[in-house]
Amino acid sequence: MCEVLELENISTKSPVIESKYFIPNAPLHSFAGKAILYLAHNISTQLPYAGLKNLAKLESFRHFQVNWDGNGALPFMEAQIEKAKLILFNLPKQPEIFPTARQSVQFEYEKENGDYLEFEIFEDSISCLQIVSGRETEHQIDESEIFSVVNNFYASARNLRS
Amino acid sequence: MLQPEISDPELLYKAIKPLEHFWKDGYPSSAAFKDSKGLSVDRDGGRPKQEIIDNLKSRFETIAIVSVLAKTCREIGTYPVSRPLEANIYHAEIHRSETEISLTSSLAKKLRDSVIIESLE
């Protein structure tokens with residue numbers, strides 16, 4: 001038996017995480033299975049709570065109805081949320097996550113010095129906006145490149161400090 | 001009478017909801033300015049600010065209201081255009097250009113960086 005975290009009980013205001021017991025041979029394609037993989041992958045390198053909070057936020061997008069933004073935005077499709085979740089599992093650092101009214105999910109990183117990195121995840125493409133030291137680039141990116149782009153974004157700051 | 005062209009000194013008001021999904025460090029994310037149908041805003045049309053805010057509040061539930069000058073929209077490269085509706089003659093949209101609707105990520109970020117928070121509930 002191993003312990004998993006109950007995502008539905010995670011709130012930004014009261015970080016109470018209720019634990020439950022779980023049978024370990026549950027299929028890994030299940031949401032709980034992915035959460036376990038996520039924890040195993042990230043527990044030594046970053047804040048698991050931030051990742052779980054992001055997963056819970058992504059899950060909440062499922063409940064958006066037509067006109068969720070008051071301006072006629074459409075609901076998210078299941079495949080979009082799943083795609084964003086899989087990307088999230090593989091990130092070296094947790095972003096801020098936002099929905100958009102053009103059926104995309106936005107991942108944001110922002111440093112105190114104003115440097116900014118954004119991925120906008122559509123069903124069939126991903127765009128990347130990066131602003132570093134005032135220099136801006138915006139282009140399409142492959143899912144496999146995201147990890148290294150995030151790493152490089154933060155590595156540049158470490159190099160400058162050293 | 002409301003002019004069909006949006007003049008540079010006009011303020012454009014944007015209602016943002018739901019709050020809990022768009023807010024970051026006391027400011028909206030640029031995600032709140034991305035809409036495939038064009039970013040929906042209300043022109044001031046010479047109305048008092050409080051009247052505009054009260055009107056937006058009456059049409060939306062829990063929201064934030066931000067504003068930006070039409071001139072600023074043009075300076076950062078977006079294209080504000082009047083789109084009056086039967087129910088709201090002050091309705092306008094901010095487009096990417098004269099021929100393209102949805103803002104690029106860069107334009108949405110610039111717009112987000114330019115807005116002023118008028119009301120936050």
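What follows is calculated from the coordinates using simple rules that are stated; it is not laboratory data. Since this is a predicted model, take the numbers as computed values, not measurements. Neighbour counts are summed over all protein chains in view; Cβ atoms, including those assigned to glycine, are modelled from backbone coordinates with ideal geometry.
Between A:Gln65 and B:Lys37, the modelled labels are 1.6 nm apart [label points 7 Å from Cα along Cα→Cβ]. Which residues in the stretch A:93-109 have a backbone N closer than 12 Å to a point placed 7 Å from the Cα of A:Asn151 along the Cα-to-Cβ line? Hits in the stretch A:93-109 for A:Asn151 at 12 Å: A:93.
So for chain B, averaging the separation of alpha carbon pairs under 8 Å that are six or more residues apart and normalising by length, what relative contact order in percent results?
Numbers: 215 pairs, mean separation 42.1, N = 121.
For chain B, the relative contact order is 35 percent.
About its Cα centre, what dipole magnitude does chain B give when the only charges are +1 on Lys and Arg Cβ and -1 on Asp and Glu Cβ, stated in debye to the nearest 20?
Result for chain B is approximately 240 debye, rounded to the nearest 20.
Here the stretch A:63-162 is treated with +1 on each Lys and Arg Cβ and -1 on each Asp and Glu Cβ, and its dipole about the Cα centre works out to around 380 debye.
Rounded to the nearest 20 debye, what is the charge dipole size of the stretch B:1-59 about its Cα centre when +1 sits on each Lys and Arg Cβ and -1 on each Asp and Glu Cβ? Walk me through the intermediate numbers first.
Numbers: 10 positive and 10 negative charges, 52 e Å.
Computed about the Cα centre, the dipole is about 240 debye.
Give me the distance between the Cα centres of the stretch B:1-80 and the stretch A:90-121, rounded to whole Å. Centre-to-centre (Cα) distance: 22 Å. A simple spin-label model places pseudo-atoms 7 Å from Cα toward Cβ; at B:Asp113 and B:Glu20 they are separated by 3.1 nm.
Of the trypsin sites (Lys or Arg not before Pro) found in the stretch A:44-102, the ones in coil according to DSSP and having at most 13 other Cβ atoms within 10 Å of their Cβ are A:Arg62.
Cross-link check: pairs A:Lys57/B:Lys110; A:Lys111/B:Lys71; B:Lys34/B:Lys110 evaluated at a Cα-Cα cut-off of 22 Å; pairs beyond the cut-off: A:Lys57/B:Lys110; A:Lys111/B:Lys71. Looking at the stretch B:1-85, the GluC sites (Glu not before Pro) that sit in a DSSP loop and have at most 14 other Cβ atoms within 10 Å of their own Cβ are B:Glu5, B:Glu61. Amide H contacts under 5 Å for B:Asp35: B:Leu103, restricted to partners 5 or more places along the chain or on a different chain, H placed in the peptide plane at 1.01 Å from N.
First check a/c for the stretch B:21-121, with a ≥ b ≥ c the square roots of the eigenvalues of its C-alpha gyration tensor; if it is under 1.5, answer rounded, and if not, answer prolate when a/b is larger than b/c or oblate otherwise.
Details: a/c = 1.61, a/b = 1.12, b/c = 1.44.
Oblate, because a/c is 1.5 or more while a/b does not exceed b/c.
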